[in-house]
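Presented below is the structure to which this report refers.
The values are calculated or read from the model by the stated rules, or taken from the named source; none is laboratory data. Because the structure is a prediction, the values reported are computed rather than measured. Methodologically, a virtual Cβ is constructed for each residue, glycine included, from the backbone with ideal geometry; neighbour enumeration extends over all protein chains shown. Accessible surface areas use protein heavy atoms only, side chains included; no ligands, DNA or RNA. Shrake-Rupley method; radii C 1.70, N 1.55, O 1.52, S 1.80 Å.
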Amino acid sequence: MKKKTEPRIFKSYPEVLPVFVAIFISGILVSENFTNDLYITWLCLSIASFISSFFVESPKNKSIILFLAAFTASMFYGAIRHTENYDFKDLLVLDNTEGILSGTYTGRSNIHHKNKISYTFKDVCYTTNEQTVSIPINVNCQYILNRERLYPEQSYSMAGKMKVVSFDKALVFEVASFTNIETKSVSLFTSMKQLQEKIKTGLNKALNEKQAAIVTGFVLGDTSKIKDKSIFTETGISHVLAISGQHIMILIFLLASIMHWFKIPPISRSAMIAIILVFYAMVTAGSPSIWRALIMYVSVAAIMHLESSSSPVRPVAIAAFIMLLYNPSYIKNAAFILSFTAVLSIIFLRQPFEFILSKLHLPLVLNRYLAVTFAANLGTMPMVAYLFGTLSLSSLIVNPLILWTFTFILPISFVIAFLSIFSISTVYLSSGLSILLDYLISFLEYVKNIPGLYFYVGNISPVTILCVYVMMLYLTSIFNNWQLKHIKAAYEKQEIEKIPVKQLPQEKSIEIHIDSKSKATPTLLSQKIHIIENKKNDIKENPNPFSNSEIVKAIDEMLSNLKRLKVKNSNQEIFSVNSMIIESQNIYHRLFEMEEELFKKEPERLLQAHIFMLALIGYELLNRLNSNLEQPIPNDILEIKTIVKDRYLPIAIIADQLMNSNLPNTVTNEQLKVVLNQIKILFIRSQKLLQQILSDKNFENSIKQHLVLRNEMVKCCLKFIQCDNVIKLRKKKNLR
C-alpha cells in the first residue's frame, strides 16, 4: 500500500536583513532621547557585546547579545550623525523679529487648540532687517487651520514673526501668510537646474497654464504653480504629485519597452535603466520616495540577474537601510514614512484583499489591481491621519477609479517632457493629454464636493497608530494560518478522492541510492545517483521521472549543491531571443554557455542544462498560453507535490505537466495548436533523455542528444512566441 505523503508546511522565520534594519531604525529613534555626547558609551557597549557573543554557547543567548550589539551600534551611529555643530545661544537674537522665512516642508504637522496647525520646515533661511540667516535646525511654523494642506518636499515662503523657545531649544514662526515657491533641485550640477527650466518651458508651450502646472507636478514633483491643490488633497490622491514608486514603475516599463524594441540585452538594459533613473531623480525635487523606488529597482534587478532567492521584504529593507545610512533624519520625513508604509501595506495586505475580491468572480487582472489599490490606501490611511491630522474616505473610491488613467497620462507626460528638451513639436500628444487632464480634473472636482468624505481628526497618539498596525498584521496572520489549513484540508481531500481504496497501487519499484564512494567516470555527480529497478521495470510503464517524488528530491538536492556558472556574455547568439521575457533570456544565455567540454568536465551540469531547457520554455508557456486557451490553466497543473529548493525545477515540472495534459489541444488558434503539438513531442523526448541521464547510461550519447534537443526546443519556443505575437496583433486590429 502506498504510504500517504503529507504536505510539508514550512514556518516562515524572520530574515536577517529586515530584522537588522528594524534594529537599526529602533536604535536611531532611541538615540534621540539621549544626549549626543554619549556616543562613546554606545560604541563601547556595542564592541563589548559583540566580543562577548563569542564566549556564549547557547544560541538563544547569543542572539540576544548580538541584538544588543546591533542596537547599541545603531545608537552610536544616530548619536554621531545628530551631533550639533552650532550654539543655540546665537539664535536668541532672532526672538520677536519679523521677517520672511523660506524652507522645505518635512511633512510633519501638529494640530493645536485655538484652531492652529504647526508645520515643520527644514533647510530654513530667515530674512530680517535686510539680513539673511541660515538656520541649522528645523523650525515649527504655526498657521491658522484651514483646508489648504502643504506638500512634503515642497518649498514655501512665509511672512511672520519669529519666537525662540529656549526651554526645549525650539524655534516657532507665527505665519501671517505663505506662498508656494519653486522647489529647488537637490542636484550638485547646475546643468540639472537648467534642464529643469527647459522642461518647464517646453511644458508651458505645449499645454495651457493650468495643465502645464499639473504635468510639471507629475513629471518633476514641483507643485509650486498649481493654484488649487485641494482637489488632490481632499480626494486622497495627492501622492500622484510627489514622484514615487508609481512614477518610477511606469517610467521603467516605458524605458524597457523602448530598449526591448532596440534589442538591448537584459543585463545592459537593467544597467541603462538604473543610470537613467538616477539622472531623473537628480532632475526632480529629490523626494525620498523616488530614491526608495530607485534603490528597490536596482535591488530587484540584481536579485533577478544574480538568480538569488527573491523576497518582497528584502528590497524594501535594503532601500530603507541605505537611505537611513545616508541621512538618519529621513526617519521623520513624511514622504519617507508614507512611501515605505504603502509598499509594506501592498506586500502584507494585498493577498487578503485579493481573496475577498475573488468571491466576486472578477477577472484576475482587475482583481489584482483592486487588491493592490485597496491595500495601499487602507495601509496608509492611519499614517496620513497621524502625520497630517486629516482623513479622506474618498481615496478608497477615487484611487481605484482613476489610478489606471495614469498609465496613459504619465507616459505621455514623460514623452512630452523629453521631446521639449530638444524643442520638438508635441501638438498631437499634448492635445490628447489635455483632454485626459480635463476629464480627470472634472471628476476630482465632483468627488471633492461630496460632503463628509474629508475631515480633520486632530492629533492622534502614536500608540493608537501602533495598535492599528499591530491589529492589521494580526488579522493578516490569522488569514494566512486559515489559508494554510484550508490548503492542507483541500490537499488531503484531493488525495483521498484521487486514490480509491480498491485501486491502491503497489509500492514504487524505483529507488534512489547515493553512492559517495563511487569513482567511476564519467559520473553524473560527485555523489553518483543510481536508479535501481526492483521486481518489474516500472520505467517502461511510467517513463517520466518527474512523477516520482523521490527522484525529484534527488534532482533538487543535486541542483542545489551546484555552484553558479559565470556567464561570459559572448556576443555570439545562436538564436534571436529578444522576443522572450527577461527570465527566459537569462536562462537562454546560461544554457548556451554549457557545451560538450563542460559536460565532460562536470557531468552533473548535463542534468542542470536539461532543467534549464525545460524551464526556458516553461516560462514562455506560463506567460503566454493562458490568453490563447478556451479556459484558464487549472490549478492542479500549476501545483507540484514536492517542495524543492531550486528555482527552475518547479517551472520545468509544471511545464512538463502542462504539455502532458490535454490543455494544449484546447487552444483557439490552429497554427498555435500545431506548434504546441510539436513542443509536446519534444517533451516526450525530453522525458526519455532525462531518464537516460539519471541512469547514467551512454553518457556521451546523452550529451549529443541534449545538444540536438535544446536547439529544437528553442526553435519551437520562438515559433510559439511568434504565433502568440501575431495573434495579439490581430486582436488589436480587430479592437480598432
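Out of the trypsin sites (Lys or Arg not before Pro) in the stretch 89-158, which ones are loop residues according to DSSP with at most 15 other C-beta atoms within 10 Å?
K114, R147
Output the pairs from K161/K225; K60/K485; K601/K704; K205/K225 with a Cα-Cα distance over 21 Å in this structure; if there are none, say none.
Too far apart for the 21 Å limit: K161/K225; K60/K485.
If packing is taken as the mean number of other Cβ atoms within 10 Å per residue, what is the order of 466-475, 374-383, highest first?
374-383, 466-475
Here is the link list: K563/K641; K116/K227; K193/K733. Which ones come out longer than 32 Å on Cα distance?
With Cα atoms farther than 32 Å apart: K193/K733.
Could you sort the peptides 653-660, 201-208 by per-residue average Cβ neighbour count (10 Å cutoff), highest mean leading?
The densest-packed peptide leads the list: 653-660, 201-208.
Tell me the chymotrypsin sites (Phe, Trp or Tyr not before Pro) within the stretch 198-266 that lie in a loop according to DSSP and have at most 13 other beta-carbon atoms within 10 Å.
F262
Expressed in nm², what is the orientationally averaged projection area of the convex hull enclosing the Cα positions of the stretch 613-695?
The Cα convex hull of the stretch 613-695, projected and averaged over all directions, gives 5.6 nm².
Starting with the highest mean, order 210-217, 42-49 by the number of other Cβ atoms within 10 Å, averaged over the residues of each peptide.
Highest to lowest by the protection proxy: 210-217, 42-49.
Report, to one decimal in Å, the Kirkwood hydrodynamic radius for the stretch 191-274 based on all distinct Cα pairs.
For the stretch 191-274, the Kirkwood estimate is 14.6 Å.
Give, in nm to one decimal, the length gained when the segment between L29 and L429 is fully stretched (0.36 nm per residue of separation minus the Cα-Cα distance).
Value of the extension gain: 139.2 nm.
What is the calculated FRET efficiency for L254 to N677, with r their C-beta to C-beta distance and R₀ = 25 Å, to the nearest 0.05?
For R0 = 25 Å, the calculated efficiency reads 0.10.
Which GluC sites (Glu not before Pro) in the stretch 573-630 sit in a loop by DSSP (not H, G, I, E or B) and have at most 14 other Cβ atoms within 10 Å of their own Cβ?
Counting only loop positions with at most 14 other Cβ atoms within 10 Å, the GluC sites (Glu not before Pro) in the stretch 573-630 are E573, E595, E630.
Taking the Cβ-Cβ separation of Y369 and L38 as r and a Förster radius of 45 Å, what is the calculated FRET efficiency to the nearest 0.05?
Computed FRET efficiency for Y369 and L38: 0.35.
With each label point set 7 Å from Cα along the Cα-Cβ vector, what nm distance links R647 and Q483?
Roughly 2.1 nm, to one decimal.
Sort R350, R590 by heavy-atom solvent-accessible area, probe 1.4 angstrom, most to least.
Largest accessible area first, the residues go R350, R590.
Taking the Kirkwood radius as the inverse of the mean 1/r across Cα pairs, report the Rg/Rh of the stretch 215-331.
For the stretch 215-331, the value is 1.01.
Percent of alpha carbon pairs in the stretch 293-436 separated by more than 24 Å?
Result: 52 percent of Cα pairs exceed 24 Å.
Give the calculated FRET efficiency between S63 and F262 to the nearest 0.05, with a Förster radius of 41 Å applied to their Cβ-Cβ distance.
Efficiency at R0 = 41 Å is approximately 0.20.
Below 8 Å, C-alpha to C-alpha, sequence gap of six or more: please give me the relative contact order for the stretch 615-736 in percent.
It comes to 28 percent, rounded to a whole number.
Please give, to one decimal in nm, the separation of the simple spin-label points placed at V415 and F88, each 7 Å out from Cα toward the Cβ.
According to this spin-label approximation, the distance is 5.6 nm.
Just the Kirkwood number for the stretch 667-735, please: inverse of mean 1/r across all distinct Cα pairs, in Å, one decimal.
That comes to 13.7 Å for the stretch 667-735.
Explain nothing, just compute: Karplus ³J(HN,Hα) = 6.51 cos²θ - 1.76 cosθ + 1.60, θ = phi - 60°, for every residue of the stretch 618-628 in order, whole Hz, x for Gly and Pro.
Taking θ as phi minus 60°, the curve returns x, 4, 5, 5, 5, 7, 10, 6, 4, 6, 10 Hz for the stretch 618-628.
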